[in-house]
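Please read the structure below before turning to the comments.
The values are calculated or read from the model by the stated rules, or taken from the named source; none is laboratory data. Just so it is clear, the model here is predicted, and its values are computed rather than measured. So basically every Cβ, Gly included, is an ideal-geometry build from the backbone, and we count neighbours across all protein chains shown. When the accessible area is computed, the model is the full protein with side chains, heavy atoms only, and any ligands, DNA or RNA have been set aside. Shrake-Rupley method; radii C 1.70, N 1.55, O 1.52, S 1.80 Å.
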Amino acid sequence: MRTYDFAPLYRSTVGFDRLFSMLDQAARVEPSTQWPPYDIEKVADDAYRITMAVAGFSQDEIELTQHDTTLLVTGQRKDKDGEREYLHHGIAARAFRQTFNLADHVKVTGASLENGLLAVDLKREVPEALKPRRIAIGGAQEAVGQDNAPARIEDRAKAA
């Protein structure tokens, strides 16, 4: 497997530490993180869904935790197998821990468990202060919020 040295990039960039850490972490993917299988889909421009195949787990055996830009999904089966005698045990019931790195301002909006599939809905919600805003040229008016509407010439003529 290849390893990449990001040290030269640290000298010429500022504020990209997290990006390089994520790239380094992605290169060191462990085989144990491949279970349970999951899909990540883009539902809309700012909406995403993670779907995980967690057959055999109930709602109270799965825990979702979001801390800053990290989503942690863990599953721990309760001991119900002690009372059963299996002739063949093919359904994986092992505990799992899956971590997802989220972009800034991405929040979990909901989760559901149906037919053995855990669906986690995510939405990017950029605060109003960080959205682009229109700046008036030559005017004393203060630009507030996001104003991408085209300027009207009639309003300028009345003001003069």
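Looking at residue 101, is it on the phi > 0 side of the Ramachandran plot and either open to solvent by 100 Å² or more (accessible area, probe 1.4 Å) or touching a helix residue (DSSP H, G or I) at 6+ places or on another chain (Cβ under 6 Å) (or both)? Explain how you work it out, then say what you get.
Numbers: on the phi > 0 side of the Ramachandran plot: no; either open to solvent by 100 Å² or more (accessible area, probe 1.4 Å) or touching a helix residue (DSSP H, G or I) at 6+ places or on another chain (Cβ under 6 Å) (or both): yes.
No.
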### Message
Every residue in region 45-77 that is among the small types (Gly, Ala, Ser) and either modelled with pLDDT of 90 or more or in contact with a Pro (Cβ under 9 Å, 6 or more places away or on another chain) (or both), please.
### Response
47, 53, 55, 75
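Conditions tested, residue by residue: (1) open to solvent by less than 50 Å² (accessible area, probe 1.4 Å); (2) at pLDDT 90 or above.
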{"position": "1", "(1), (2)": "no, no"}
{"position": "10", "(1), (2)": "no, no"}
{"position": "18", "(1), (2)": "no, no"}
{"position": "24", "(1), (2)": "no, no"}
{"position": "36", "(1), (2)": "yes, no"}
{"position": "42", "(1), (2)": "no, yes"}
{"position": "79", "(1), (2)": "no, no"}
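One line per residue, one yes/no per condition, for (1) open to solvent by less than 80 Å² (accessible area, probe 1.4 Å); (2) free of Cβ contacts under 8 Å to residues at least 40 places away in the same chain:
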site: 58; (1), (2): yes, no
site: 84; (1), (2): no, yes
site: 87; (1), (2): no, yes
site: 107; (1), (2): no, no
## Note on the structure
Considering region 105-130, residues that are part of a loop (DSSP other than H, G, I, E, B) and modelled with pLDDT of 85 or more, and then whichever is nearest to residue 37 (Cα to Cα), we arrive at 116
### Query
Filter region 110-141 for residues that are touching a strand residue (DSSP E or B) at 6+ places or on another chain (Cβ under 8 Å) and free of Cβ contacts under 8 Å to residues at least 24 places away in the same chain; which is nearest to residue 71 (Cα to Cα)?
110
